[in-house]
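**Q** Here it is, the structure, as structure tokens.
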Amino acid sequence: MKLLKYLLVALVGLFALHNAYDIDEWHNLISEMAPNASFIEDFDNNVRELLAEDPDYFDYVPKINFNCKVEPSPQKPTSVHKLRPGDINVVAALGDSLTASLGSKAKTILGLLIEYRGRSWSIGGDDSLEKLITLPNILKKFNPNLKGYTLGKDLMFLAKQGKGLNVAVSGQEANHIPDQARRLVQRLKEDKSVDFENDWKMVTLFIGGNDLCRYCDDMNKHSPKAYINDIQQGLDILYKQLPRTFVNLVSVLRVQDVKLLNKGLVCKTLHKMGCECAAYPKSAEAEKTLVSFQQAYQQGVEDLINSKRYDGRDDFTVVVQPFLKEMTIPRNAKDNLDFTFFAPDCFHLSTKGHSSAAIGLW
């Protein structure tokens, strides 16, 4: 037990030297945990509990009747305000590990290094809607020739600039959004399957969880003002350079609830490194500040979009999607927290979590 405590302290101390984790830090921590018997046992116990709660945990498909029948426009619209689902030709996404689908189907500790981008709620295109609910799989029902969605999985450290039109990078913050936006524009221009000028593009931007997870390390860097400025810079790039584009701007979620998910050795260790400000607030006052930042992030993006800054073109719009704004952790039939919505790290989303987010966005 003393050796285990020493190892935990050493691992946490190693990464406490940084005020934010990146891909290399996450990789190093998981690599340190993977051969340790205590971490393996804890992870395996967590997976067994998740499967006992929901035997379809790794391949969850909600029982829904998707019978929407909306024909594409008879002629390709020139106004974004006349856009139908079948008119969308290309999907793309910006964000962090929640858009990269990090660890969503992890069956071992090392699985927490894998980004299952093909299963991402906003940009994944693996399988079909009957087997996996994602926004692209829904849109395929209206346009089978949809382009841009990501497929398959990758080791996270091999996707430090995203993959394809999913330019999300695990661990990144709002200050990375301008660079992600530039990268997306360039990739859209270079993609020979995309008619850059004429294809209608749906771009989903979701960022801010890591900013809130680290707000207490640098309150200026992660202030609401800085966050909104970063989002504005990214949207400005898209607005100035992308024709025929519909942007989903998804509100940041309630990061303060991470503390409720502190469960077991693996999850507690990862939370300590990846989201200490929310998982282990230093005081009640610190937690109040976190909540005030989160609410200011949400209100700030709404004010930005309501300012009509992006209403000057008929072929471009940004719509705030607030479905995560007041979302709390779901509970099971016994009124306990339902961990099956989360990956085995108790932090990232599971297949059920991604499916639910896709439905919310739709």
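The values are calculated or read from the model by the stated rules, or taken from the named source; none is laboratory data. Predicted, not measured: the structure shown is a model, and the values here were computed from it. Ideal geometry is used to build each Cβ from the backbone, glycine not excepted, and the neighbour counts take in all protein chains shown. The area values use the complete protein model at the heavy-atom level, side chains included, leaving out ligands, DNA and RNA. Shrake-Rupley method; radii C 1.70, N 1.55, O 1.52, S 1.80 Å.
**Q** Yes or no: the stretch 23-38 includes at least one residue that is open to solvent by less than 60 Å² (accessible area, probe 1.4 Å), closer than 30 Å to Asp218 by Cβ and not in a helix (DSSP H, G or I).
**A** No, the stretch 23-38 has no match at all.
**Q** Could you tell me whether any residue of the stretch 331-340 is open to solvent by less than 40 Å² (accessible area, probe 1.4 Å) and either within 29 Å of Arg84 (Cβ to Cβ) or among the basic types (Lys, Arg) (or both)?
**A** no
**Q** Quick check on Ala92: is it assigned to a strand (DSSP E or B) and aliphatic (A, V, I, L, M)? It would help to see each step written out before you state the result.
**A** Numbers: assigned to a strand (DSSP E or B): yes; aliphatic (A, V, I, L, M): yes.
Yes.
**Q** Take Ile138 and decide whether it is among the aliphatic types (A, V, I, L, M), in contact (Cβ under 8 Å) with a residue 60 or more places away in the chain and in a helix (DSSP H, G or I).
**A** yes
**Q** Hey, can you tell me all the residues within the stretch 239-260 that are open to solvent by 10 Å² or more (accessible area, probe 1.4 Å) and touching a strand residue (DSSP E or B) at 6+ places or on another chain (Cβ under 8 Å)?
**A** Tyr239, Pro243, Arg244, Phe246, Leu260
**Q** Please work out which residue is most open to solvent (accessible area, probe 1.4 Å), limiting yourself to the stretch 39-70 and to residues that are free of Cβ contacts under 8 Å to residues at least 40 places away in the same chain and among the aliphatic types (A, V, I, L, M).
**A** Per the stated criteria, the residue is Ala52.
**Q** Pick from Ser73, Ser128, Ser79: which is under 22 Å from Val319 (Cα atoms), out of contact with any strand residue (DSSP E or B) (no Cβ under 7 Å at 6 or more places or on another chain) and free of Cβ contacts under 8 Å to residues at least 24 places away in the same chain? Walk me through how you get there before you give the answer.
**A** On the way: Ser128 fails: under 22 Å from Val319 (Cα atoms); Ser79 fails: free of Cβ contacts under 8 Å to residues at least 24 places away in the same chain.
Exactly one residue qualifies, and that residue is Ser73.
**Q** Any idea which residue in the stretch 212-238 is farthest from Val301 (Cα to Cα), counting only those that are in a loop (DSSP other than H, G, I, E, B) and open to solvent by less than 20 Å² (accessible area, probe 1.4 Å)?
**A** Arg214
**Q** Any residue in the stretch 109-131 that is among the β-branched types (Val, Ile, Thr) and part of a helix (DSSP H, G or I)?
**A** Yes, the stretch 109-131 has at least one match.
Conditions tested, residue by residue: (1) among the aliphatic types (A, V, I, L, M); (2) closer than 25 Å to Ile231 by Cβ; (3) at pLDDT 95 or above.
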position: Ala106; (1), (2), (3): yes, no, yes
position: Leu112; (1), (2), (3): yes, no, yes
position: Gly124; (1), (2), (3): no, yes, yes
position: Ser128; (1), (2), (3): no, no, no
position: Leu135; (1), (2), (3): yes, yes, yes
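**Q** Here's a follow-up. Inspect the stretch 150-163 for any residue being among the charged types (D, E, K, R), without any contact (Cβ under 8 Å) to a residue 24 or more places away in the chain and open to solvent by 20 Å² or more (accessible area, probe 1.4 Å) and give the result as yes or no.
**A** No, the stretch 150-163 contains no residue that is among the charged types (D, E, K, R), without any contact (Cβ under 8 Å) to a residue 24 or more places away in the chain and open to solvent by 20 Å² or more (accessible area, probe 1.4 Å).
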